[in-house]
Amino acid sequence: MSDTVTKLLLAALCALGGGCATEPWVKPYERQHLADPIMSFNRDPLSSAYGHHVYQVREGARGAEGGAGGGCGCN
Amino acid sequence: MAATRRAWAGLVLAAGLAQGAILPEERGDAMYHRYDGGGVTVDGPAVLVRKNFEETYSLNATYYVDNVSSASIDVITTGASPYGETRTEYSLGGDYLHDKSIIGIGYSNSDESDYTSDTWYFNVSQDFFGDLTTLTFGYSQSQDDVYQNGNPDFAGNIDRHNYRVGLSQVITPELILSLGYELVTDEGYLNNPYRSYRYLTNPQDPAAGYQFAQEVYPTTHTSDAAALRLMYYLNWRATVGASYRYYTDDWGIDGNTFALTYTHTLYDNWIFDIEYRYYEQSAANFYSDLFQTPSQDSKDYRGRDKELSNFNDQTLSLQLSYSRPVSYRFADRAALSMRWDRIWFDYEDFRNLEDTAAIPGEEPLYNFEADIYRLVFTLWY
């Protein structure tokens, strides 16, 4: 019984740690669309960082946008 | 005139989140940006350079300038003079790739005549499950110094901490999901030293007029933001994206942000993007367009920044990019992008004090539009 529990715990730890080979449900040969630059959330890093900065200056919300600048000329 | 007390994460963080265990692509970007709206013009150049070494290390550097000319509604209606100034920002960062992990560190500095900010940041990302899942977390710490032009006796400072986690997940061969959460805490002088609130001269008689006094803010601010983003590939080589962000803080502001994007490729070299974004927020609990009485002490908070008020804005964005292979020395591809954004701001409890004939509290509500232009030249090498 304790052996079974130990195995289950090891399996859980293994999965959480990513140390075991997991069969990917999207195969490497199916990833050509995912690799297309237009699938990126951040295709133009400099331009989008500037956009986040503009919104941070003009809006009360902040954070979870993926990048930003600080200081401003915003009065 | 630094009024922002926002999270400083550094320009280079933008690409750090929601990416797998590959080093950032080697590229150089040069951008001209311009913001024009509400009596404020901000423009300037920006540069980003990334270079990888031995397929294990990556360095990045950015340079960014804001040239500000301001005669905004706040400046005009409080009797201040229109002003101009320059903000300059530098950052330097590095990434180290080991197996399926990337560790990144960096430093940023922003400097203007009355505000400086120094930030250190640290990011880690790890791929799991056949590289279909990427977990990221990061931390940054900022030290800001606040000054007031024309008042050499004034100085304040701010300590800021950002904690963020992110998860990027491949759902199908055409669909990616991204989740992000960020906690930001500030402590220190969080006012804008130039801004004022207004209060009635005689609370019993609004027609008697109003007066201005310097704003009184809390000295701490903690916020939470959580975002969900989706990107879906369409079989004619196009994508649709959707995102939502929820924001809440201990000043009483709750915000919602929605965005939809569509990206379309034309022939082999052209990419066209269109985006619609909607943002709304509630007011801070110490915000009022017109207070009945002045502040009684340092805990009796008073704020009239329109960014603390109840408002919404909408953005329409169009972008056209042209890229092509090149064979010039070290470069192998080049691109030119043009982007235009129009933002409509609509305030629900911030009034336009340019109407001096109205009884205080009955002035028309303020609104304005802003245009943003970006021209970006990129080389990949």
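The values are calculated or read from the model by the stated rules, or taken from the named source; none is laboratory data. Everything numeric in this text was worked out from a predicted model, so none of it was measured. Here the Cβ positions follow ideal geometry from the backbone for every residue, glycine too, while neighbour counts run over all protein chains shown. The area values use the complete protein model at the heavy-atom level, side chains included, leaving out ligands, DNA and RNA. Shrake-Rupley method; radii C 1.70, N 1.55, O 1.52, S 1.80 Å.
Right, B:Glu369: at pLDDT 95 or above, open to solvent by 60 Å² or more (accessible area, probe 1.4 Å) and of a type in the set (Asp, Glu) or not?
Working: at pLDDT 95 or above: yes; open to solvent by 60 Å² or more (accessible area, probe 1.4 Å): yes; of a type in the set (Asp, Glu): yes.
For B:Glu369, the condition - at pLDDT 95 or above, open to solvent by 60 Å² or more (accessible area, probe 1.4 Å) and of a type in the set (Asp, Glu) - is met.
Which one of B:Arg329, B:Arg324 is among the basic types (Lys, Arg) and either open to solvent by less than 10 Å² (accessible area, probe 1.4 Å) or in contact (Cβ under 8 Å) with a residue 12 or more places away in the chain (or both)? First the steps, then the outcome.
Working: B:Arg329 fails: either open to solvent by less than 10 Å² (accessible area, probe 1.4 Å) or in contact (Cβ under 8 Å) with a residue 12 or more places away in the chain (or both).
Testing whether each residue is among the basic types (Lys, Arg) and either open to solvent by less than 10 Å² (accessible area, probe 1.4 Å) or in contact (Cβ under 8 Å) with a residue 12 or more places away in the chain (or both) leaves just B:Arg324.
Give B:Gln148, B:Gln143, B:Gln169 a once-over and let me know the one that is more than 8 Å from chain A (Cβ to nearest Cβ), surrounded by 15 or more Cβ atoms within 10 Å (Cβ to Cβ), modelled with pLDDT under 95 and over 30 Å from A:Pro37 (Cα atoms). Steps first, answer last, please.
Details: B:Gln143 fails: modelled with pLDDT under 95; B:Gln169 fails: over 30 Å from A:Pro37 (Cα atoms).
After ruling out the rest, the residue left standing is B:Gln148.
Taking B:Asp355 and the conditions (1) open to solvent by 30 Å² or more (accessible area, probe 1.4 Å); (2) assigned to a strand (DSSP E or B), which numbered condition does it fall short on, given that it satisfies the others?
For B:Asp355, the exception is condition (2).
What about B:Gly130, is it open to solvent by 10 Å² or more (accessible area, probe 1.4 Å), without any contact (Cβ under 8 Å) to a residue 40 or more places away in the chain and outside any strand (DSSP E or B)?
Spelling it out, B:Gly130 is indeed open to solvent by 10 Å² or more (accessible area, probe 1.4 Å), without any contact (Cβ under 8 Å) to a residue 40 or more places away in the chain and outside any strand (DSSP E or B).
Out of (1) surrounded by fewer than 20 Cβ atoms within 10 Å (Cβ to Cβ); (2) over 30 Å from B:Met31 (Cβ atoms), what's the single condition that is false for B:Gly303?
Only one criterion in (1) surrounded by fewer than 20 Cβ atoms within 10 Å (Cβ to Cβ); (2) over 30 Å from B:Met31 (Cβ atoms) is unmet by B:Gly303, namely (1).
Could you list all residues from region B:80-90 that are within 10 Å of chain A (Cβ to nearest Cβ) and either open to solvent by 10 Å² or more (accessible area, probe 1.4 Å) or of a type in the set (Phe, Trp, Tyr) (or both)? Give the steps one after another, and end with the answer.
Filtering region B:80-90 down to residues within 10 Å of chain A (Cβ to nearest Cβ) leaves B:80, B:83-89.
B:Ala80, B:Tyr83, B:Gly84, B:Glu85, B:Thr86, B:Thr88 - these are the residues of region B:80-90 that are within 10 Å of chain A (Cβ to nearest Cβ) and either open to solvent by 10 Å² or more (accessible area, probe 1.4 Å) or of a type in the set (Phe, Trp, Tyr) (or both).
Among the numbered criteria (1) open to solvent by less than 60 Å² (accessible area, probe 1.4 Å); (2) more than 15 Å from B:Tyr197 (Cβ to Cβ); (3) over 24 Å from the mean Cα position of the chain (by Cα), which one does B:Ser243 miss?
(3)
Could you go through region B:100-120 and let me know if any residue there is away from every other protein chain (no Cβ under 11 Å), open to solvent by less than 60 Å² (accessible area, probe 1.4 Å) and not in a strand (DSSP E or B).
First, pick out the residues of region B:100-120 that are away from every other protein chain (no Cβ under 11 Å): B:102-107, B:120.
Still in the list and also open to solvent by less than 60 Å² (accessible area, probe 1.4 Å): B:102, B:104, B:106.
Filter once more, so that each one left must be not in a strand (DSSP E or B): none.
Within region B:100-120, not a single residue is away from every other protein chain (no Cβ under 11 Å), open to solvent by less than 60 Å² (accessible area, probe 1.4 Å) and not in a strand (DSSP E or B).
One line per residue, one yes/no per condition, for (1) open to solvent by less than 70 Å² (accessible area, probe 1.4 Å); (2) touching a residue at least 40 places away in the same chain (Cβ under 8 Å); (3) more than 9 Å from chain A (Cβ to nearest Cβ):
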{"position": "B:Ala226", "(1), (2), (3)": "yes, yes, no"}
{"position": "B:Thr261", "(1), (2), (3)": "yes, no, yes"}
{"position": "B:Thr265", "(1), (2), (3)": "yes, no, no"}
{"position": "B:Trp270", "(1), (2), (3)": "no, yes, yes"}
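Condition test on B:Thr220, is it under 23 Å from the mean Cα position of the chain (by Cα), away from every other protein chain (no Cβ under 14 Å), open to solvent by 10 Å² or more (accessible area, probe 1.4 Å) and modelled with pLDDT of 95 or more?
Here the answer is yes, as B:Thr220 does meet what is asked.
Test B:Tyr194 against the stated conditions and say whether it is in contact with a strand residue (DSSP E or B) (Cβ under 9 Å, 6 or more places away or on another chain), over 30 Å from B:Thr116 (Cβ atoms) and surrounded by 14 or more Cβ atoms within 10 Å (Cβ to Cβ). Step through it out loud before you land on a result.
Values: in contact with a strand residue (DSSP E or B) (Cβ under 9 Å, 6 or more places away or on another chain): yes; over 30 Å from B:Thr116 (Cβ atoms): no; surrounded by 14 or more Cβ atoms within 10 Å (Cβ to Cβ): yes.
No; evaluated as a whole, the condition is false for this residue.
With the structure loaded, tell me whether B:Tyr276 is more than 24 Å from the chain's Cα centre (by Cα), closer than 18 Å to A:Met39 by Cα and exposed (fewer than 14 other Cβ atoms within 10 Å of the Cβ) or whether it fails that test. Full working, then the answer.
On the way: more than 24 Å from the chain's Cα centre (by Cα): no; closer than 18 Å to A:Met39 by Cα: yes; exposed (fewer than 14 other Cβ atoms within 10 Å of the Cβ): yes.
Judged against the criteria, B:Tyr276 is not a match.
Out of the residues in region B:69-127 meeting the condition of being among the aliphatic types (A, V, I, L, M) and touching a helix residue (DSSP H, G or I) at 6+ places or on another chain (Cβ under 9 Å), tell me which one is farthest from B:Ala21 (Cα to Cα). Don't jump to the end; show me each part of the working.
Filtering region B:69-127 down to residues among the aliphatic types (A, V, I, L, M) leaves B:71, B:73, B:75-76, B:80, B:92, B:97, B:102-103, B:105, B:124.
Subset that is touching a helix residue (DSSP H, G or I) at 6+ places or on another chain (Cβ under 9 Å): B:73, B:80, B:92.
On the way: B:Ile73: 47, B:Ala80: 51, B:Leu92: 20 Å.
Applying the filter and picking the extreme gives B:Ala80.
Collect the residues in region B:179-216 that are in contact with a Phe, Trp or Tyr (Cβ under 6 Å, 6 or more places away or on another chain), closer than 22 Å to B:Ser140 by Cβ and assigned to a strand (DSSP E or B), keeping them in residue-number order.
Within region B:179-216, B:Leu183 is the sole residue that qualifies.
State whether one or more residues within region A:2-19 are at pLDDT 55 or above and open to solvent by less than 50 Å² (accessible area, probe 1.4 Å).
No, there is no match, as no residue in region A:2-19 is at pLDDT 55 or above and open to solvent by less than 50 Å² (accessible area, probe 1.4 Å).
Name the residue that is farthest from the chain's Cα centre (by Cα), counting only residues in region B:67-79 that are within 20 Å of B:Glu363 (Cα to Cα) and either within 8 Å of chain A (Cβ to nearest Cβ) or open to solvent by 60 Å² or more (accessible area, probe 1.4 Å) (or both).
Among them, the one singled out is B:Gly79.
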